[in-house]
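**Q** I have a structure I would like to understand better, so I am pasting it below and will then ask my questions one at a time.
What follows draws every value from the coordinates through simple rules; no lab data is involved. Predicted, not measured: the structure shown is a model, and the values here were computed from it. Here the Cβ is made from the backbone with ideal geometry for all residues, glycine too, and neighbour counts use every protein chain on show.
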Amino acid sequence: MSARPASFAEFYPYYLSQHADRRCRRAHFFGTTAAIAAIALALATRNGWWLLAALVAGYGGAWVGHFFYENNRPASFSRPWLSFRADWLMYWQMLSGKLSW
């Protein structure tokens, strides 16, 4: 994406195009799920180290997907906030069956 998107609605189709390989989407899904679990553990145990684990799991899953399956750069490198929002939407769409994984 060369031009800056004017809205999330413009950005999201580009984001999905960067996740065409279902193995990449699966890596994102499992990384995000692990991050959610780590956040829950951080809250349950009041141990902040689980928040670090959440970051490693979430970004680790995404980066594995991009570097090993898609062979592209994660969109979070150039558009972190839009990518963060798009990742959660993609996660929900996979969870709800609107997007194959």
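**Q** Treating only the Cβ of Lys, Arg, Asp and Glu as charged (+1, +1, -1, -1), what charge dipole size does the chain show about its Cα centre? Round to the nearest 20 debye.
**A** Numbers: 10 positive and 4 negative charges, 10 e Å.
With Lys and Arg at +1 and Asp and Glu at -1, about 40 debye.
**Q** Sticking with this one: Determine the gain in length on full extension of the stretch SER7-SER78; use 0.36 nm per residue of separation and subtract their C-alpha separation, reporting nm with one decimal.
**A** Extending this stretch completely gives an extra 24.1 nm.
**Q** Compute the relative contact order of the range 15-95 as a whole-number percentage, counting only Cα pairs closer than 8 Å that sit 6 or more residues apart in sequence.
**A** On the way: 83 pairs, mean separation 30.5, N = 81.
Taking the mean separation of contacting Cα pairs over the length of the range 15-95, I get 38 percent.
**Q** Enumerate the helices in the chain for which the Kyte-Doolittle hydropathy averages -1.0 or more and the C-alpha atoms extend at least 27 Å along the helix's axis, using complete DSSP H runs. Don't skip to the answer; put the middle values down first.
**A** Values: long enough: 22-45 (34 Å, 0.64).
Those that pass (Cα extent of 27 Å or more, hydropathy at least -1.0) are 22-45.
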